[in-house]
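Student: If you scroll down you'll find the structure; I have some questions about it.
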Amino acid sequence: MRVGVLACGLGLAACSHAPVHLGATGPQALTPITSTALLFYDDGPAYRDSVRIIVRDAATWSTVWARATSTQPTPPPQPSIDFAHEMVVVVGAGRMKPGDQIRVDSAGERSGLYNVVVSTVVGCRRFAADTYPLEVVRVARSDKQVSFIERRDQAGNCS
């Protein structure tokens, strides 16, 4: 299992990627998600299905955090979130193979929506084991409707 800031250090192709979209007034870049925004990363089976969750309140945050960290032998303490200014994005890939990863690449408001770009990186080696990649990040609060933009890439070391 991988926990914490290891997600970006494992060579994700999407770590320095920020999509640019053309808006009515010109290009609008979504804000890249940096390692400082990463609250948790794990490959355990806390969420066995693919999930996309936006958390905007403390009660939901407590429930989501407890579940996300439930497969840890010693769950980390729940990070404090200022819900007046922040919200939490939780993305889970569902059942995958070791080495596969999921990441919130970038996020921000554009065209009346809050867009979250999710990158799933699939490795080329097939092991006889299952993992359930899950990432939890902190982003600026928005009350706009959320649109998840999905990207699926193959790891760069595949031939």
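The values are calculated or read from the model by the stated rules, or taken from the named source; none is laboratory data. It should be emphasised that the depicted structure is a prediction, and the values quoted were computed from it without experimental measurement. Here the Cβ is made from the backbone with ideal geometry for all residues, glycine too, and neighbour counts use every protein chain on show.
Student: On the basis of being at positive phi and surrounded by fewer than 23 Cβ atoms within 10 Å (Cβ to Cβ), does residue 142 make the cut?
Tutor: It is false that residue 142 is at positive phi and surrounded by fewer than 23 Cβ atoms within 10 Å (Cβ to Cβ).
Student: Among the candidates 57, 105, 153, 49, single out the residue that is over 16 Å from residue 31 (Cβ atoms), of a type in the set (Asp, Glu) and surrounded by 14 or more Cβ atoms within 10 Å (Cβ to Cβ).
Tutor: 153
Student: Looking at 133, 98, 77, which one is over 15 Å from residue 37 (Cα atoms) and out of contact with any strand residue (DSSP E or B) (no Cβ under 7 Å at 6 or more places or on another chain)?
Tutor: Just a single option satisfies the conditions, and that option is 77.
Student: How many residues does the stretch 50-78 contain that are under 23 Å from residue 114 (Cα atoms) and either among the basic types (Lys, Arg) or in a loop (DSSP other than H, G, I, E, B) (or both)?
Tutor: 3
Student: Go through the stretch 95-118 residue by residue and tally those that are of a type outside the set (A, V, I, L, M, F, W, C) and either within 12 Å of residue 147 (Cα to Cα) or at pLDDT 95 or above (or both).
Tutor: 10
Student: With the checklist (1) farther than 22 Å from residue 144 by Cβ; (2) exposed (fewer than 12 other Cβ atoms within 10 Å of the Cβ) in hand, flag the one item residue 85 doesn't pass.
Tutor: (1)
Student: Show the residue pairs meeting these rules: Cβ distance below 6 Å; 6+ apart or different chains; first residue within the stretch 118-134 and closer than 17 Å to residue 152 by Cβ; second residue among the aromatic types (Phe, Trp, Tyr) and surrounded by fewer than 19 Cβ atoms within 10 Å (Cβ to Cβ).
Tutor: Close Cβ pairs (under 6 Å, with a partner that is among the aromatic types (Phe, Trp, Tyr) and surrounded by fewer than 19 Cβ atoms within 10 Å (Cβ to Cβ)) amount to 118/148.
Student: Being at pLDDT 95 or above and β-branched (Val, Ile, Thr) narrows it down to one of 89, 121, so name that one.
Tutor: Residue meeting the stated conditions: 89.
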